[in-house]
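The values are calculated or read from the model by the stated rules, or taken from the named source; none is laboratory data. Bear in mind that the values here come from a model prediction, so they are computed numbers and not experimental data. Here the Cβ positions follow ideal geometry from the backbone for every residue, glycine too, while neighbour counts run over all protein chains shown. All accessible areas refer to the heavy atoms of the entire protein, side chains included, with ligands and DNA or RNA removed. Shrake-Rupley method; radii C 1.70, N 1.55, O 1.52, S 1.80 Å.
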Amino acid sequence: MTKDEVFCKLKEVLVAEFGLEEGEVRPEAGLSTDLDLDSIDVVDLIVKMKSHISGKMEPEQFKNVKTLQHIVDVLHPLAQ
């Protein structure tokens, strides 16, 4: 899966499950500042992405994510 494909899946989940507008969901969007997601929302988002990712995700990998692009960068190697 390419980074673009990972982002598209992430966008689908954010729009369908979190009620965000498609226009809000951009790679540089800050999780808390732009999308108003708290830490529980981010954990929920990562759990929902598990079904699209074949690799094993570790919670430590997501400790410092601040933007959607950071999440894509962490998930991309796991989606191979």
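What is the calculated FRET efficiency for Glu5 to Lys56, with r their C-beta to C-beta distance and R₀ = 22 Å, to the nearest 0.05?
Calculated transfer efficiency: 0.70.
For the chain, which whole percent of the accessible surface, found with a 1.4 angstrom probe, sits on carbon and sulfur atoms?
Here it works out to 51 percent.
Give me the dipole magnitude in Debye, nearest 20, for the chain about the Cα centre, with unit charges on the beta carbon: positive for Lys and Arg, negative for Asp and Glu.
380 debye
Taking H as built 1.01 Å from N, whose amide H comes closer than 5 Å to the amide H of Gly30, not counting residues under 5 places away?
Leu35
Among Val13, Val25, Gln80, whose Cα sits farthest toward the positive end of the charge dipole of the chain (+1 at Cβ of Lys/Arg, -1 at Cβ of Asp/Glu, about the Cα centre)?
Most positive-ward Cα: Gln80.
Compute the orientation-averaged projected area for the chain from the convex hull of its Cα atoms and round it to one decimal in nm².
Seen from a random direction, the Cα hull of the chain projects 4.5 nm² on average.
How far is helix 3-18 tilted, in degrees, relative to the longest principal axis of the Cα atoms in the chain, given as a value from 0 to 90 rounded to the nearest 10?
Computed tilt is about 50 degrees.
Got a sec to turn the phi values of region 20-36 into Karplus ³J(HN,Hα) couplings, 6.51 cos²θ - 1.76 cosθ + 1.60 with θ = phi - 60°, whole Hz, x for Gly and Pro?
Computed from phi, the couplings for region 20-36 are 7, 7, 4, x, 6, 8, 10, x, 7, 5, x, 4, 8, 6, 9, 9, 6 Hz.
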